[in-house]
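Accompanying notes for the structure given below.
The values are calculated or read from the model by the stated rules, or taken from the named source; none is laboratory data. What you see is a predicted model, and the numbers here were worked out from it, not measured in a lab. Reconstructed Cβ throughout: ideal geometry from the backbone, glycine too, with neighbour counts over all protein chains shown. All accessible areas refer to the heavy atoms of the entire protein, side chains included, with ligands and DNA or RNA removed. Shrake-Rupley method; radii C 1.70, N 1.55, O 1.52, S 1.80 Å.
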Amino acid sequence: MLRACLLAFALVLPLPAAAQTAAPLDREALRAEIRAYLLENPEVIYEAIEILEQRRRVAAQVAELALVRANADALRNDGYSHVAGNPDGALTIVEFFDYACGYCKRAHPDIVTLLRTDGDIRLVMKEFPILGPGSVLASRAAMAALRQDPQKYAGFSDALMAFGGQFTDTVIDGLAARAGLDVARLRADMAAPEIDAEIAQTRALAETLQISGTPTFIVGDKILRGYLPLDDLRQVVAAARAAQD
């Protein structure tokens, strides 16, 4: 079917102006010659498709790069997302994550290792709850913890990421208490309208960047969608640093 469509397309392509003035018989002969050539050399069609796809990929990468750069401040300095690692690190990684996301949970130890072994990375943690009410509950609790005590946010966030069940009020309260947080204050802060506004702002940014899944990382100016093993992530980090030089 694909070949037939491409052949039909080739046969109806407009001819150069000089050829268009030729007699109908010449035009038909040229079409027949094109058809015969394509039938004898079908690989030409696939070469053309590959070139077209390559051009589309390049165009998409250029558009994505422009989007990241246009939204750099909202990504890296939104004023409310927790910054882990080295706050003064030369390379910024932004992570959109969801506490209920299995791949986020899988990526988390790798991110912790990366930050521990590379002291020049600044990690901006974008709370991006997209997997249902439990996700929203966990993110609201984490954001409330950040307001209460930034020093305890990391431990609470780690506990949320390590938890393997469904997030409920009871679960949240228990994890918060074990993290040393004031649970009553946490509950009050979770209802703050500012948290609604921050979640909405992050979602709007994700929509602008065409981010619809977690985890999603922005390393330098490159968007990486999905889980990456630690070694691959380190390679991306190295490439981003090389691009900065």
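For the condition more than 25 Å from residue 212 (Cβ to Cβ) and surrounded by fewer than 17 Cβ atoms within 10 Å (Cβ to Cβ), residue 50 qualifies. Taken over region 89-104, the residue count meeting the criterion of being free of Cβ contacts under 8 Å to residues at least 60 places away in the same chain and within 23 Å of residue 151 (Cβ to Cβ) is 1. Of all residues in region 84-141, those being in contact with a Gly (Cβ under 7 Å, 6 or more places away or on another chain), open to solvent by less than 10 Å² (accessible area, probe 1.4 Å) and either among the β-branched types (Val, Ile, Thr) or over 14 Å from residue 218 (Cα atoms) (or both) number 1.
Restricting attention to region 35-88, the residues that are touching a residue at least 40 places away in the same chain (Cβ under 8 Å) and among the hydroxyl-bearing types (Ser, Thr, Tyr) total 2. Restricting attention to region 158-174, and to residues there that are touching a residue at least 24 places away in the same chain (Cβ under 8 Å) and touching a Phe, Trp or Tyr at 6+ places or on another chain (Cβ under 8 Å), which single residue is most open to solvent (accessible area, probe 1.4 Å)? Once the filter is applied, the top-ranked residue is 163. The number of residues in region 215-240 being open to solvent by 10 Å² or more (accessible area, probe 1.4 Å), farther than 18 Å from residue 70 by Cα and in a loop (DSSP other than H, G, I, E, B) comes to 4.
Taking region 168-212 as the region of interest, the helices (runs of 4 or more DSSP H) fully inside it that hold 2 or more residues being among the β-branched types (Val, Ile, Thr), at pLDDT 95 or above and closer than 30 Å to residue 70 by Cβ are 193-208. Looking across 184, 154, 145, one residue alone is over 18 Å from residue 107 (Cα atoms) and surrounded by 16 or more Cβ atoms within 10 Å (Cβ to Cβ). It is 145.
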